[in-house]
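The values are calculated or read from the model by the stated rules, or taken from the named source; none is laboratory data. Nothing here was measured: the structure is a model prediction, and the numbers come from that model. Glycine also receives a Cβ, built like all others from the backbone with ideal geometry; neighbour counts cover every protein chain displayed.
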Amino acid sequence: MPLVAHTNLPTFQRLREEGEEIIDTTRANHQEIREIHIGLLNMMPDAALEATERQFFRLVGACNQIAQFHVHLFTIEGLTRSPQTQAHIDKYYESFEKIKEDGLDGLIISGANVTGSFLPAEDFWEPLTEVFSWAKENVTSILCSCLATHAVIHYCYGIARTRLPNKRWGVFSHTLVDKKHPLVVEMNTRFDVPHSRFNAIFQEDMEKHGLRVLSTSEDGGVHLAVSPDGFRIVFFQGHPEYDDISLLKEYKREVRCFYSNETTIYPPYPENYFNDYVKSVFAQYEIEVRFAKENQHDFPQFPEALILEFIDNTWRDTAKSVFNNWLGKIYQITHQDRRLPFMDGIDPSNPLNL
């Protein structure tokens, strides 16, 4: 069902141009279809802020349940913003106070970039935990992505993330651990998910605290897990929302960091993402970058045009399936008043009767 463009957010027009179905409020008001209101707490840095909007909007809009989806953007204090990005937020994002007043049926919390190792020391920690504490009492289900997963698990269960020896970066094959859980029903039992992180929370630590692990990867670790009740909190360690070129953009940033002396190590390729031809192009490009750096020449043009047709998205269908199941279950059990999390008769401690 379509997304409703209930604001003038530029992302709506961008998605229309990509062929997504977006309807205006006039058309929405003439349809006798139930509204579902999903919050997106966007904590991503400036360069990825609007891309993150589009990525999650696409997944919500791809849901085939009979509903009109209103996505409400907001953010929190403690995240450094440029004047331009802050102006975008001031113009198009809602305040958390308004979110609390109006209510939500579901909440997505994005990842974020941090430099410290101890999450509770981050400036955004208190504002984030305030949002989460409110949502836990008032929202049907909360979906956490990557850094948000690590923060919420630390806050709820006291499990600190572990620094990995190397960045877990690439596209990894996953299998289902619990094939009967409603979030993964009708899904492929083996599927790909992108990861991009330096830290992890491990399966044994999750299960020790009662979390239900739904999918894992031998190389990528746990991707999908849920809170002990089975649905109130959904945890992603991977990035199923990523576009086909998201990892490519990250690779470009990593190469530029090497060129600018922000790191001394030339970045490895994201695993299982570049084919042999693309690797050969980037092997030649590495020679050019190293030469430019040593001789103080301009940063060489990134050879994106040569390789774009060889970049595949092997995870989008699975991502849509998970979101379809998540939003479908919200639709089935949430109260019609979005200020209340459940319809009468639903047990919050076991909302899906698992």
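Some points to look at:
- When region 192-222 is filtered for residues that are at negative phi and surrounded by fewer than 17 Cβ atoms within 10 Å (Cβ to Cβ), the ones remaining, listed by number, are F198, F202, Q203, E204, E207, K208, H209, E218, D219.
- The set of residues from region 228-244 being in a loop (DSSP other than H, G, I, E, B) and in contact (Cβ under 8 Å) with a residue 24 or more places away in the chain comprises D229, G230, F231, R232, Q237, G238, H239, P240, E241, Y242, D243, D244.
- Some residue of region 88-100 being closer than 17 Å to T11 by Cβ, surrounded by 14 or more Cβ atoms within 10 Å (Cβ to Cβ), out of contact with any strand residue (DSSP E or B) (no Cβ under 7 Å at 6 or more places or on another chain) and not small (G, A, S): yes
- Those residues of region 114-164 which are in contact (Cβ under 8 Å) with a residue 60 or more places away in the chain and loosely packed, with under 14 Cβ neighbours inside 10 Å, in sequence order: E137
- For region 9-59, filtering for residues that are over 22 Å from P83 (Cα atoms) and part of a loop (DSSP other than H, G, I, E, B) leaves 9.
- Test: residue in region 13-24 that is over 22 Å from K249 (Cβ atoms) and without any contact (Cβ under 8 Å) to a residue 12 or more places away in the chain: yes
- Residue that is in contact with a Phe, Trp or Tyr (Cβ under 6 Å, 6 or more places away or on another chain) and either in contact (Cβ under 8 Å) with a residue 12 or more places away in the chain or outside any strand (DSSP E or B) (or both), where the choices are S196, S173: S196
- In region 79-92, the residues that are within 21 Å of A148 (Cα to Cα) form Cβ pairs under 9 Å with partners that are of a type in the set (S, T, Y) and outside any helix (DSSP H, G or I), at six or more places apart or across chains, as follows: R81/T75; I89/T75.
- None of R81, R58, R16, R27 is closer than 24 Å to G328 by Cα and in contact with a helix residue (DSSP H, G or I) (Cβ under 9 Å, 6 or more places away or on another chain) except R58.
- 3 or more residues within 19 Å of the chain's Cα centre (by Cα) and in the same structural domain as D46 (by TED's automatic domain parsing): qualifying helices (runs of 4 or more DSSP H) within region 60-170: 125-138, 147-157
- Residues being surrounded by 16 or more Cβ atoms within 10 Å (Cβ to Cβ), of a type in the set (G, A, S) and within 20 Å of the chain's Cα centre (by Cα) - total across region 1-55: 3
- Considering the conditions (1) in contact with a helix residue (DSSP H, G or I) (Cβ under 7 Å, 6 or more places away or on another chain); (2) under 18 Å from K320 (Cα atoms), G238 is excluded by exactly one of them, (1).
- Test for L183: is it in contact (Cβ under 8 Å) with a residue 24 or more places away in the chain, within 20 Å of the chain's Cα centre (by Cα) and over 20 Å from N113 (Cα atoms): yes
- When we screen Y273, Y277, Y269, Y259 for residues that are at pLDDT 95 or above and in contact with a Gly (Cβ under 7 Å, 6 or more places away or on another chain), the only hit is Y273.
Every residue, every condition in (1) closer than 28 Å to H72 by Cα; (2) in contact with a strand residue (DSSP E or B) (Cβ under 8 Å, 6 or more places away or on another chain), yes or no:
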| site | (1), (2) |
| --- | --- |
| I159 | no, no |
| P165 | no, no |
| V177 | no, yes |
| S196 | yes, yes |
| F202 | no, yes |
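- Check on L183, in a loop (DSSP other than H, G, I, E, B), out of contact with any Pro (no Cβ under 8 Å at 6 or more places or on another chain), assigned by TED's automatic domain parsing to the domain that holds D102 and buried (at least 23 other Cβ atoms within 10 Å of the Cβ): yes
- Given (1) within 25 Å of the chain's Cα centre (by Cα); (2) closer than 22 Å to P194 by Cβ; (3) without any contact (Cβ under 8 Å) to a residue 24 or more places away in the chain, index of the condition Q332 fails: (2)
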